[in-house]
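Step one of this worksheet: look at the structure below.
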Amino acid sequence: MPPNNHAVLSASSSHRWMQCTPSARLELEFEGSTSQAAAEGSAAHALAEHKLKRALKLRSQRPTSPYEDDAMDEYTTDYVSFVMEQFYEMKDGAEEDPLVLIEQRLDFSSYVPDGFGTGDAVLLAPGKLHVIDFKYGQGVLVEAEHNSQMMLYALAALKKYSRKYKVKRVSMSIFQPRRENVSTWTITATELRKWAKTVLKPKARAAYNGDGEYLPGDHCQFCKAAARCRARAEEKLKLAQREFSLPPLLTDEEIEEILVKLPDITKWANELMAYATDAALFHGKEWKGFKVVEGRSVRKYSDEDAVAEAANKAGYRDIYTKKLIGITEMQKLMGKAEFEKIIVPLLIKPPGKPTLVPSSDKRPAINTSNATTDFNEFMED
């Protein structure tokens with residue numbers, strides 16, 4: 001059995017183990033790791049929890065963290081505003097205030113063996129349930145629609161509170177401020193329970209037992225076993241091993257097929273190299289045909305004050321450069337209101353470098369000839 005604070009089948013990784021059912025057991029062979037992004041996210045959640053409690057007139061002591069800055073303060077305030085908007089919307093016309101659960105442990109073990117998680121904000125009113133998740137990360141855009149993590153949280157809340165509140169409608173929201181993303185999806189409680197019975201339970205049972213086939217895909221991201229996964233390696237190497245005998249030049253169709261796969265192949269190759277390097281540097285692993293060498297080094301001053309003094313004594317005066325601080329740092333220095341009044345009128349947004357992306361990308365397509373000309377002209381100015 002896993003430790004009490006770690007579920008084999010976590011809600012946050014459900015998008016992965018529902019696609020690749022054996023992956024959950026495979027990940028147990030790898031040690032967990034922490035990152036600055038994770039620590040920053042934890043700090044943001046703690047601050048958001050405090051602010052939400054204060055908004056609901058509950059006692060709370062403001063947490064302190066080295067990761068807290070003006071941006072985090074603003075984003076957590078925006079999150080609390082969103083939650084309170086949902087609170088007053090659910091309250092409208094009701095005799096009692098909605099029930100608000102903050103950082104609530106949610107047990108969905110009746111659907112997923114040993115399954116539990118923590119809901120950032122769960123709101124309940126007669127006939128209604130709204131689960132809200134605060135995502136502080138900015139690397140991956142997260143949508144609420146058919147989001148298995150949110151559906152698991154909603155199922156747990158339904159099981160515990162549905163009888164009292166007679167929930168018929170279930171809403172799930174992702175609040176991801178650093179991506180300017182607020183996504184909400186609503187389904188009926190009946191539809192959610194049907195999904196749990198026909199889709200979730202069979203997948204969870206197979207995943208918990210380590211059964212099923214390994215299935216590489218987009219869900220491999222953040223999997224602890226991703227770098228060493230044989231199924232993923234074989235899938236990525238298929239393209240490299242492919243032989244194009246006739247004709248000698250790739251067709252447009254073949255290039256299109258390769259373009260779709262290139263980003264993931266590159267990402268996988270970088271992950272594998274990072275794993276091998278870490279094993280060699282910190283675990284004494286010797287890879288046949290490879291060695292660890294000292295990388296390229298760039299000269300630097302050992303003591304800038306001593307260098308300046310020596311240059312001045314030799315008669316050199318023009319030894320310093322002066323440069324404006326960056327836009328983000330300028331906004332932090334002035335504060336948002338002053339920055340918008342003083343600096344924003346002087347900002348420009350140059351054209352971005354034209355980039356080829358999959359059709360699924362949400363950015364609109366551009367006129368390629370005009371965009372390339374505009375970008376090149378700006379770079380020449």
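For this structure, a couple of remarks:
- Protection-proxy order for peptides 92-104, 320-332, 73-85, each taking the mean of Cβ atoms within 10 Å per residue, highest first: 73-85, 92-104, 320-332
- Over region 46-168, volume per residue of the alpha carbon convex hull, in Å³: 133 Å³
- When the listed pairs LYS159/LYS194; LYS51/LYS168; LYS53/LYS166; LYS128/LYS160 are checked against a 20 Å cut-off, the alpha-carbon distance exceeds it for LYS51/LYS168; LYS53/LYS166.
- Residue-averaged [θ]222 nm for the chain, counting only DSSP H segments that reach four residues, each worth -39500 (n - 2.57): -13500 deg cm²/dmol
- Derived scalar couplings ³J(HN,Hα) [region 262-275; Karplus, 6.51 cos²θ - 1.76 cosθ + 1.60; whole Hz; x for Gly, Pro]: 4, x, 6, 5, 4, 4, 4, 4, 5, 5, 5, 5, 5, 5
- Here's how it looks for LEU106: its modeled amide H is under 5 Å from those of GLY117, THR118, GLY119, which are all 5 or more places away or on a different chain.
- Region 180-197 - phi-based ³J(HN,Hα) in whole Hz, Karplus 6.51/-1.76/1.60, Gly and Pro as x: 6, 10, 10, 10, 10, 9, 10, 9, 7, 4, 5, 5, 5, 5, 5, 4, 4, 6
- Restricting the calculation to alpha carbons of the chain gives Rg and Dmax of 26.3, 85 angstrom.
- Here the 3J(HN,Hα) profile of region 40-51, calculated from phi with Karplus coefficients 6.51, -1.76 and 1.60 at θ = phi - 60°, is 5, x, 5, 5, 5, 5, 5, 5, 5, 4, 4, 5 Hz, Gly and Pro shown as x.
- P(r) histogram, all alpha-carbon pairs of region 301-344 included - 5 Å bins from 0, percent: 5, 18, 18, 10, 8, 10, 12, 13, 5, 1
- Across GLU309, GLU40, GLU235, mean-square fluctuation computed from a Gaussian network of the chain (C-alpha pairs under 10 Å connected) peaks at GLU309.
- By average C-beta atoms within 10 angstrom, highest first, the peptides 62-71, 138-147: 138-147, 62-71
- Cα-centre dipole for the chain with unit charges at Cβ (Lys and Arg positive, Asp and Glu negative), debye to 20: 1480 debye
- Whole-Å semi-axes of the ellipsoid equivalent to region 141-188 (Cα gyration tensor, √5λ, descending): 23, 10, 9
- Sorting 128-137, 270-279 by average packing, meaning the other beta carbons within 10 Å per residue, from highest down gives 128-137, 270-279.
Where a number appears in this text, it was derived from the coordinates with a stated rule and is not lab data. None of the values given here were measured: they were computed from a predicted structure. With ideal geometry, Cβ positions are generated from the backbone for all residues, glycine too; neighbour counts draw on all protein chains shown.
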